[in-house]
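Notes to accompany the following structure.
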Amino acid sequence: MSESTSRPIDIMLADNNPLVLSAMSEIFERDLRFSLVATSATAEGFLGAVMRVPVKVCVVSWELPALGAAKLIEVLREQENAPRFVIYGDTTGDVPRLAMQAGAAGFAPRSGEVEGLLETCVEVARGKMVFPFIDVRTVQQSPLQTLSRRELAILEALAKGMSNRELSRELQISTNTVKFHLSNIYEKLSVKNRAQAIAFYYSDRSNAS
């Protein structure tokens, strides 16, 4: 299926500068690759909107009041079908690296071209990581750090030998939800099954000690 006939990418925007927010809204509304769902000038407003209407990609200012983008990402990572974040900000102060470490999927500079922002969002929607201002190979981050608190708790319980049914009872969630989290864990750790995930967990802990 070609891009012209595929479903538009649902997107949400958040920036505390009303002029920037208005300009970005116009840009995305003109581009047929996107479907602009909502905009917000605060993290709280954004959080309320995205919890009501899930979207594929979010473009968020790094300094979004009052929570900030890093905290916003942390909160939403706990949700099923969490959006992928593109941080829109300045390249000073190591912001691109901080955004990556917080769990963002991409970074677009305020000083960059409009098309660069649009293409970053398209690539992030396809599942790619887009950080043009840093060498991702130099970011020393364990894949375990990409897991949400719930996913890490499940992996730790898994490493203790707990079954899906036991995990369900322990965490008070359905077995289907357990399977959903396990699938996400396997994908983030680039493993195929429970045994490999457990092996990765113990190997990572051993390397960190």
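Counting only DSSP H runs of at least 4 residues, each contributing -39500 (n - 2.57), and dividing by the residue count of the chain, the helix-based mean residue ellipticity at 222 nm comes to -14500 deg cm²/dmol.
Distances over 14 Å make up what percent of all Cα-Cα pairs in region 143-208?
Values: 1126 of 2145 pairs.
The answer is 52 percent, as a whole percent.
Computed over the chain, the range of Cα coordinates on each principal axis works out to 53, 39, 35 Å, biggest value leading.
Give me the extension gain from Gln79 to Val53: residue separation times 0.36 nm, minus the current Cα-Cα distance, reported in nm with one decimal. Mind showing how you got there, number by number?
Working: separation 26, 0.36 × 26 = 9.36 nm, distance 1.24 nm.
Between Gln79 and Val53, full extension yields an extra 8.1 nm.
Take every Cα pair under 8 Å whose residues are at least 6 apart in sequence, average their separation, divide by the length of region 9-138, and the relative contact order is 21 percent. Note on Lys192: lysines with a C-alpha under 28 Å away, same-chain residues under 8 apart excluded, are Lys56, Lys128, Lys160, Lys179.
Dipole magnitude for the chain: about 940 debye, using +1 per Lys or Arg Cβ and -1 per Asp or Glu Cβ, origin at the Cα centre.
Just so you know, all these numbers are worked out from the coordinates, no wet-lab data involved. Quantities reported herein were computed from a predicted structural model and do not represent experimental measurements. Cβ: placed from backbone, ideal geometry, glycine included. Neighbour counts: every protein chain shown.
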